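Colleague: One structure, as structure tokens, below. Some questions next.
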Amino acid sequence: MKFYSKREARHLLCRYHNLDGAEALCGKAGAEKIMQRIHSIQYDPLNVVARNADLVLQARVKDYKEQDLYDLLYQEHKLADGFDKEMCIYESKDFERFSHVRGEHLKQVVLTLQYRNQMGALEILDDVRDFVTKHGKTGAKDISIGEVRESSWGPKKLSSAALDYLFNSGELCVAGKKGTQKYFDLTERVLSDIDFSCDQDMTIEEFLEWYIERRLQSVGLVWNKSGGAWQGHFVGDNELRRSTLQTLVEKNKIEDVRVEGIEETFYVPKGMEAYLEYQTSDSYARFIAPLDNMMWDRQMVEALFGFTYRWEVYTPVVKRKYGYYVLPVLYNGELIARFEAEPVRQAGAFVIKNWWWESGIQPDDDMIETIEQEMLRFVQFLQVDHAKENMEKLRTA
């Protein structure tokens, strides 16, 4: 069993995710390559600075643009929307293997329909299916079948609930988006170029091994302790996860490792140390998304980085310690600060509202200059102006 210091573990994790920029991943090709490594990123519709999926990719890929992800999802269909940890974006080639997850998630969808008194949506599935078959890409505004009612939560039309059900069942895929508005089409048409024949006879045991190994690859370094990294169907079952991880170790598909000062065993993908062959001698800084893969298990992040983070979006204002949408700041393998920005689209610029250095951090010239360079890269991604006061706020915080 390998042993890592905390510093080595942090470096390995950042290197695996290319947060240090040591690999020349660039543009759409770079986004596709990193997705082949981490497989899944969490989707969230909030767009304060940028949407979570775009923030995840821009931190790993040079010259990344939001259009790159849109093209991979809805033009080339190499990626697809689907339920994984939560609602996520994952590789289309894995779509068939997710049938077990969809089956479990669909049970929750039905419970939601019951809670909302919308079980009538199941009675119009054939009509909605026929409509999509005939008309192709269909948004909720394009179809009105069944009851229409006032609602402060969830779809107002039964046909919208039926579309959502058919999407979660796998019969429909998201074929396009306009803002957050989804447009659905038959999965067989959207993913017509994907060969799923080799996945259709996968046993539940084979699925579990694949799924837990894949979740490990999405994070890179994970302990076997309940938390955000193991959120979701199947992987959240402690005993099932423990036995499957042990099977994967015995089959030499993953490795178990130890980190100094932490009792729990960690697991890494096979061949993880190969990422240490890439080294960068330059200082680097990155702005990390609140739902970034590396941040999925915040208790683990605290144990490894000494950085306590809570996403306070749903925390009442008076109880927030920092702010509504706060991004951690990574510098040379350490989480050294966090900041809250004004909503970018409203401000028309990247404006730092508040900046907080971590306790004990004494920024030197190299750290400040490196972060300032990352700010310039960040506004290029956002395609907005860089507020002049940002530099002053950074230096006087």
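The values are calculated or read from the model by the stated rules, or taken from the named source; none is laboratory data. Every value quoted in this text rests on a predicted model; they were computed, and no experiment measured them. Glycine gets a Cβ as well: all are built from the backbone with ideal geometry, and neighbour counts include every protein chain shown. Side chains are part of the model used for accessible areas, which takes the heavy atoms of the whole protein and leaves out ligands, DNA and RNA. Shrake-Rupley method; radii C 1.70, N 1.55, O 1.52, S 1.80 Å.
Colleague: Just check segment 27-77 against the gyration tensor rule for me: Cα atoms, a ≥ b ≥ c as the square roots of the eigenvalues, rounded for a/c under 1.5, and otherwise prolate or oblate depending on whether a/b exceeds b/c.
Modeller: Working: a/c = 1.40, a/b = 1.30, b/c = 1.08.
Since a/c stays below 1.5, the shape of segment 27-77 is classed as rounded.
Colleague: Could you check which residue among V110, V301, V317 shows the biggest mean-square fluctuation in a GNM of the chain with a 10 Å Cα cutoff?
Modeller: V317
Colleague: Let me ask something else. Can you find, among F95, Q42, Y70, the residue farthest towards the positive end of the dipole of segment 1-141? Put +1 on the C-beta of Lys and Arg, -1 on that of Asp and Glu.
Modeller: Q42
Colleague: Need one word for segment 174-248: rounded, prolate or oblate. Basis is the Cα gyration tensor (sqrt eigenvalues a ≥ b ≥ c); a/c below 1.5 gives rounded, then a/b vs b/c decides.
Modeller: Details: a/c = 2.98, a/b = 1.61, b/c = 1.85.
Judged from the Cα gyration tensor, segment 174-248 comes out oblate (a/c at least 1.5, b/c at or above a/b).
Colleague: Below 8 Å, C-alpha to C-alpha, sequence gap of six or more: please give me the relative contact order for segment 36-122 in percent.
Modeller: Values: 74 pairs, mean separation 21.0, N = 87.
Across segment 36-122, relative contact order equals 24 percent.
Colleague: Which value in deg cm²/dmol, rounded to the nearest 500, describes the helix-derived mean residue ellipticity at 222 nm for the chain, given -39,500 (n - 2.57) per DSSP H run of n ≥ 4 and division by the residue count?
Modeller: Numbers: 14 runs with 146 residues, N = 397.
The per-residue figure over the chain is -11000 deg cm²/dmol.
Colleague: Could you size up the charge dipole of the chain around its Cα centre, putting +1 on the beta carbon of Lys and Arg and -1 on that of Asp and Glu, and report it in debye to the nearest 20? All intermediate terms of the calculation are to be shown ahead of the outcome.
Modeller: Numbers: 52 positive and 65 negative charges, 196 e Å.
Dipole size: approximately 940 debye.
Colleague: List the relative contact order of segment 250-381 as a percent without decimals, with contacts defined as Cα pairs under 8 Å and 6+ residues apart. Numbers along the way, then the final one.
Modeller: On the way: 152 pairs, mean separation 24.2, N = 132.
Relative contact order of segment 250-381: 18 percent.
Colleague: Also: Where only protein heavy atoms count, and the probe is 1.4 Å, what is the accessible area per residue for the chain in Å²? All intermediate terms of the calculation are to be shown ahead of the outcome.
Modeller: On the way: 18250 Å² over 397 residues.
Ligands and nucleic acids excluded, the result is 46 Å² per residue.
Colleague: Right, here's the next one. Using R₀ = 45 Å, calculate the FRET efficiency as 1/(1 + (r/R₀)^6) where r is the Cβ-Cβ separation of E277 and V318; round to 0.05. Display every interim value, and only then the final one.
Modeller: Details: r = 49 Å, r/R0 = 1.10.
Once rounded, the FRET efficiency stands at 0.35.
Colleague: Could you look at the chain and say what percent of its accessible area is carbon and sulfur, using a 1.4 Å probe and all protein chains?
Modeller: On the way: 8330 of 18250 Å².
Roughly 46 percent of what the probe reaches on the chain is carbon or sulfur.
Colleague: Using θ = phi - 60° and the Karplus form 6.51 cos²θ - 1.76 cosθ + 1.60, what ³J(HN,Hα) does each residue of segment 167-176 get, whole Hz, x for Gly and Pro?
Modeller: Once rounded to whole Hz, the list reads 5, 5, 7, x, 5, 10, 10, 6, 9, x.
Colleague: How high is the relative contact order of the chain, in percent, counting Cα pairs under 8 Å that sit 6 or more residues apart? Could you put the intermediate results ahead of the total?
Modeller: Details: 632 pairs, mean separation 71.5, N = 397.
Value for the chain: 18 percent.
Colleague: Follow-up question, since we're still on this one. If you take the square roots of the eigenvalues of the alpha-carbon gyration tensor of segment 219-344 and sort them as a ≥ b ≥ c, do you get rounded (a/c under 1.5), prolate (a/b over b/c) or oblate?
Modeller: Working: a/c = 2.47, a/b = 1.42, b/c = 1.74.
Oblate.
Colleague: Under a point-charge model restricted to the Cβ atoms of Lys and Arg (+1) and Asp and Glu (-1), what is the dipole moment magnitude of segment 31-182 relative to its Cα centre, in debye to the nearest 20?
Modeller: Numbers: 23 positive and 24 negative charges, 50 e Å.
In total the dipole reaches around 240 debye.
Colleague: Hey, if you put +1 on the Cβ of every Lys and Arg and -1 on every Asp and Glu Cβ in segment 259-326, which of V326, F266, P316 ends up farthest toward the positive end of that dipole?
Modeller: P316
Colleague: Something else: What Kirkwood Rh does the chain have if only Cα atoms enter the pairwise 1/r average? Answer in Å.
Modeller: Working: mean 1/r = 0.0443 Å⁻¹.
Its Kirkwood hydrodynamic radius stands at 22.6 Å.
Colleague: Give the angle, between 0 and 90 degrees and rounded to the nearest 10, that separates the Cα long axis of helix 27-38 from the longest principal axis of the Cα atoms of the chain.
Modeller: 80
Colleague: Next question. On a C-alpha basis, how far is the centre of segment 220-275 from the centre of segment 368-388 in Å? Whole number, if you could?
Modeller: 36
Colleague: Which values, in whole Å and largest first, are the semi-axes of the equivalent ellipsoid of segment 1-149 obtained as the square root of 5 times each eigenvalue of the Cα gyration tensor? Intermediate results must be reported in sequence, preceding the final value.
Modeller: Working: eigenvalues 272, 75, 40 Å².
Calculated on Cα positions only, the semi-axes equal 37, 19, 14 Å.
Colleague: Give me the number: length gained by fully extending R395 to D256, i.e. 0.36 nm times residue separation minus the C-alpha to C-alpha distance, one decimal in nm. Spell out each step's value before the answer.
Modeller: Working: separation 139, 0.36 × 139 = 50.04 nm, distance 4.20 nm.
Separation in residues times 0.36 nm, less the Cα-Cα distance, equals 45.8 nm.
Colleague: Something else now. Report the one residue of F350, H233, A303 whose Cα lies farthest in the direction of the positive end of the charge dipole of segment 228-370 (charges on C-beta: Lys and Arg +1, Asp and Glu -1; origin at the Cα centre).
Modeller: H233
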